[in-house]
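In what follows, a single structure is set out as C-alpha cells and then discussed.
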Amino acid sequence: MAQLHGRRYIKAFVSGFFVAVPVTVTFLDRVACVARVEGVSMQPSLNPVGRNQSDVVLLNRWNVRNYDVHRGDIVSLVSPRNPEQKIIKRVVALEGDIIKTLGHKNRFVKVPRGHMWVEGDHHGHSFDSNAFGPISLGLLHAHATYILWPPNRWQKLKTLPSLERHPLPKDN
C-alpha cells in the first residue's frame, strides 16, 4: 500500500513539474521577472545607499510588448555594447524629440524613429545614451515598476520626467 502511494506521489510530482516549468518559463519570459540593480547610475531612485546594498525590482515585460514607453519611465534594456548584459535607465526623450546632450559627440541629437534617449539619474556616473547615442526600441527588455527589496524600500516606481533633463520644445 505504501508503495502504491509512493508511486502516485512521484507520478503527481512529475506531471506537475512538466506543467509548472513551461508555465513559469513563459510567465518570466512574457509577463514579469525580478532583477537586482547594481551600481550607482540610477541614484537616488535606485540603490540610494550605494554599492553596499542593491535594490531588487519587478520588471514588467508585458507593458513593453508594444514598445509603449513614456518619458520618465525606468526601463531595462539590452546593453548596446554588451548583448549579454542588461542595463537600467530612465527614458528622457522619444522619437522625434531633440535633446541637448551631456558629453555626447554631438551637442544636440534628434532621436530617430524607433529609438529613445535614456540616461541614468546619477549624471556623470552612468553609461547611457550620452555614451552610445539613441537606443533602438528593439533593445527594450522591460519596464521597472516596483522596488521589492529591501523591505524598507517597497514602493511603486513613479514615472518622473526629469526637471533638468528633457527634450527641447518643438518650436526651437
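The values are calculated or read from the model by the stated rules, or taken from the named source; none is laboratory data. In this text the structure is predicted, and so the values were computed from the model without any measurement. For neighbour counting, all protein chains shown are included, and Cβ atoms are generated from backbone atoms with ideal geometry for every residue, glycine included. Note: accessible area is taken over every heavy atom of the protein model, side chains too, but ligands, DNA and RNA are not part of it. Shrake-Rupley method; radii C 1.70, N 1.55, O 1.52, S 1.80 Å.
If you check 145, 159, which single one turns out to be part of a loop (DSSP other than H, G, I, E, B) and hydroxyl-bearing (Ser, Thr, Tyr)? So the residue among 145, 159 that is part of a loop (DSSP other than H, G, I, E, B) and hydroxyl-bearing (Ser, Thr, Tyr) is 159. Among residues of region 131-149 that are in contact (Cβ under 8 Å) with a residue 60 or more places away in the chain, those with a Cβ under 7 angstrom from a residue that is open to solvent by 40 Å² or more (accessible area, probe 1.4 Å) and hydroxyl-bearing (Ser, Thr, Tyr), sequence gap 6+ or separate chain, pair up as 137/67; 140/67.
Condition check ((1) surrounded by fewer than 12 Cβ atoms within 10 Å (Cβ to Cβ); (2) within 17 Å of residue 43 (Cβ to Cβ); (3) in contact with a Gly (Cβ under 9 Å, 6 or more places away or on another chain)) across all residues:
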| site | (1), (2), (3) |
| --- | --- |
| 105 | yes, no, yes |
| 113 | yes, no, yes |
| 125 | no, yes, yes |
| 137 | no, no, yes |
| 143 | no, no, no |
| 146 | no, no, no |
| 156 | yes, no, no |
| 170 | yes, no, yes |
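Considering region 52-68, the residues that are on the phi < 0 side of the Ramachandran plot and in a loop (DSSP other than H, G, I, E, B) include one that is least open to solvent (accessible area, probe 1.4 Å), namely 55. Considering each residue of region 20-40 in turn, at least one proves to be of a type in the set (Gly, Ala, Ser), at pLDDT below 85 and part of a helix (DSSP H, G or I). Looking only at region 96-113, residues that are in a loop (DSSP other than H, G, I, E, B) and touching a strand residue (DSSP E or B) at 6+ places or on another chain (Cβ under 6 Å) come to 2 in all.
So is residue 89 at pLDDT 85 or above, open to solvent by 30 Å² or more (accessible area, probe 1.4 Å) and closer than 17 Å to residue 119 by Cβ or not? Criteria not met by residue 89.
The single condition from (1) of a type outside the set (Gly, Ala, Ser); (2) out of contact with any His (no Cβ under 9 Å at 6 or more places or on another chain); (3) within 18 Å of residue 35 (Cα to Cα) that residue 107 fails is (3). Taking first residues from region 152-172 that are aromatic (Phe, Trp, Tyr) and partners that are at pLDDT 70 or above and open to solvent by less than 70 Å² (accessible area, probe 1.4 Å), the Cβ contacts under 8 Å between residues at least 6 apart in sequence or on separate chains come to 154/147; 154/148. Return yes when residue 71 is surrounded by fewer than 14 Cβ atoms within 10 Å (Cβ to Cβ) and assigned to a loop (DSSP other than H, G, I, E, B) and no when it is not. Against the criterion (surrounded by fewer than 14 Cβ atoms within 10 Å (Cβ to Cβ) and assigned to a loop (DSSP other than H, G, I, E, B)), residue 71 does not qualify.
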